[in-house]
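Here the structure is laid out as structure tokens; the discussion comes afterwards.
The values are calculated or read from the model by the stated rules, or taken from the named source; none is laboratory data. Nothing here was measured: the structure is a model prediction, and the numbers come from that model. Every residue, glycine among them, receives a Cβ derived from its backbone with ideal geometry; neighbour counts consider all protein chains shown. To get the accessible areas, we keep the full protein, side chains included, count just its heavy atoms, and leave off ligands, DNA and RNA. Shrake-Rupley method; radii C 1.70, N 1.55, O 1.52, S 1.80 Å.
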Amino acid sequence: MVTYAGKLVLAPMVRAGELPTRLMALAHGADLVWSPEIIDKKLVQCVRRENTALQTVDYVVPSKAQARPETLVFRTYPKLESSKLIFQLGSASPALATQAALKVISDVNGIDINAGCPKHFSIHSGMGSALLRTPDTLCLILKELVKNVGKPHGKPISVKIRLLDTEHDTLQLVTCLCATGISNLTVHCRKTEMRNREQPITDYIAAIYEICQSNNVSLIVNGAIRDRAHFHELQSDHWNNTKIGGMIAECAERNPAVFDHAAHETKDVLPWVAACREFLQWATKFDNHIGNTKYMLSRIVPGKSKFFQFFARCKTPEEIDYVLKQLSDDGLALADPSEYLENCRTQEKASKNANANANAKQKRKQADHTNDTDVKKQKMPLPTDI
């Protein structure tokens, strides 16, 4: 069974936490990685596919229309993620949470319930941080998952929360959660209304850990951890406890190499140009969606760099690859890709116009054929006239 104590892990991040980011984080020393939050109702619609071309396991929603492709919801690469992947589930229903978790449990190493995200896509229908206002429902979800999913499959159930308004309320909630049978509690040390630019509140960590310890539950702390060097500094100088784990979100989104053990020794994280190139290698290898690749580039590439806009203008993997080749090791332009990108847009426009003209021509041809048929029908003699 997965153990969480003292581990440095990749946070669950919608959009940012897809397969290429997770694999790059693992390659640079992340102890565990979380999937992005996936809603229970979406997961129960999925069909499991073994992708032999990529050697991945894909969960897809089948297309209702024959001409449309399936929708990829979740992809994992067992060769590298096996024993290190925690699946985060969005749910407000014990029954649906159990049904969804059972669908994916054979391909992941633990199930985590999202009870911390304050964004609308998470809190609608009572999920995400909305569960903090319905602790009885949250505890029931966890109990059902432990009973029906965790214990039968020998895999841990965990939950990620935020702080409540007061220390007393927070510790009371933690006590209830730890009594459900969960294996790990992750605490984002900010309140629901706080934003990531605000300093996390770390005053409760020792008291939270004490409750977790008495219930044989490990504790992971999330909030403003920069890299592995900073994590070890927090363990030794602030938390005074090497058994408390750490979770990195925003800094890992900007550079998935922040988990690097070498960076801990030298305090020198992989430069953004190298991080950009490596991420694109992972994205290309696993046929990552172009929209997600561009999103991650918008996080990795500094906003002041000209390449921030160059990558934003790309619409195909080939264009991204061309722009990447114009990027020097020090982040400067070996050549300006503007003309190339403008030509791509011109060709794209010409192609669209050609397709539109071809479609219009086909429609006119079909209309003419219909009209000819109608005329012939009109000219056919009636049986009484023969």
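Other residues whose C-beta falls under 15 angstrom from the C-beta of Phe74 contribute a net charge of -2, scoring Lys and Arg +1 and Asp and Glu -1. Helix 272-285 and the longest principal axis of the Cα set of the chain meet at an angle near 60°. The per residue volume of the convex hull around the alpha-carbon atoms of the stretch 1-159 is 121 Å³. What pairs in Lys151/Lys191; Lys160/Lys294; Lys315/Lys352; Lys304/Lys349 have C-alpha atoms more than 23 Å from each other? Over 23 Å apart, Cα to Cα: Lys151/Lys191; Lys160/Lys294; Lys304/Lys349. What the phi angles of the stretch 135-140 give under the Karplus curve with 6.51, -1.76 and 1.60, with θ = phi - 60°, is a coupling list of x, 5, 5, 4, 5, 5 Hz, glycine and proline written as x. When all protein chains stay in place and ligands, DNA and RNA are ignored, the 1.4 Å accessible-area order of Ser125, Ser158, Ser305, Ser236, largest first, is Ser125, Ser236, Ser305, Ser158. Taking θ as phi - 60° and the Karplus parameters 6.51, -1.76 and 1.60, the scalar couplings of the stretch 312-317 work out to 4, 7, 6, 10, 9, x Hz in sequence order, x denoting glycine and proline.
Using the Cβ-Cβ distance between Asn353 and Ala65 with R0 set to 35 Å, the FRET efficiency works out to roughly 0.85. Solvent-accessible area of His232, all protein chains in place: 60 Å² (probe radius 1.4 Å, heavy atoms, ligands and nucleic acids excluded).
Per residue, what accessible area does the chain have, given a 1.4 Å probe and all protein chains present, in Å²? Walk me through the intermediate numbers first.
Values: 19840 Å² over 386 residues.
Normalised by residue count, the accessible surface of the chain is 51 Å².
Two numbers describe the Cα atoms of the stretch 137-236: Rg and Dmax, which are 14.2, 41 Å.
Measuring nothing but alpha carbons in the chain and taking Rh as the Kirkwood radius, the Rg to Rh ratio lands at 1.12. Across all Cα atoms of the stretch 195-243, the radius of gyration (one decimal) and Dmax (whole number) stand at 11.5, 33 Å. Once the Cα atoms are used to define both axes, helix 338-379 deviates from the longest principal axis of the chain by about 50 degrees.
Projected onto planes of every orientation and averaged, the convex hull of the alpha-carbon atoms in the stretch 144-185 covers 2.9 nm². Using only Cα atoms, tell me the angle between helix 290-300 and the longest principal axis of the chain; keep it within 0 to 90° and round to the nearest 10. Helix 290-300 sits roughly 40 degrees off the main axis of the chain.
Report for the chain the percent antiparallel among DSSP-assigned beta bridges with both residues inside it, nearest 5.
Values: 11 of 42 bridges.
Antiparallel: roughly 25 percent of the beta bridges in the chain.
Centre-to-centre separation between the Cα atoms of the stretch 185-201 and those of the stretch 41-74: 35 Å.
If you count Lys pairs in the stretch 1-122 whose Cα atoms are under 23 Å apart, skipping same-chain pairs closer than 8 places in sequence, the total is 11. In a Debye calculation with equal point scatterers on the alpha-carbon sites of the stretch 224-275 and no solvent, what is log10 I(q)/I(0) at q = 0.22 Å⁻¹? The calculated log intensity ratios at q = 0.22 Å⁻¹ are -0.78. Taking a ≥ b ≥ c as the square roots of the eigenvalues of the alpha-carbon gyration tensor, the stretch 274-347 is classed oblate because a/c is 1.5 or more while a/b is no larger than b/c.
Working note: 222 nm ellipticity from helices only, DSSP H runs with n ≥ 4, each -39,500 (n - 2.57), summed and divided by the residues of the chain, gives -13000 deg cm²/dmol to the nearest 500.
Among the trypsin sites (Lys or Arg not before Pro) within the stretch 80-162, which fall in a DSSP loop and have no more than 15 other Cβ atoms within 10 Å of their own Cβ? Please report the intermediate quantities before stating the final value.
Details: sites: Lys84, Lys103, Lys119, Arg133, Lys143, Lys147, Lys160, Arg162; in loops: Lys84, Lys119.
Those that pass, being in a loop and sparsely packed, are Lys119.
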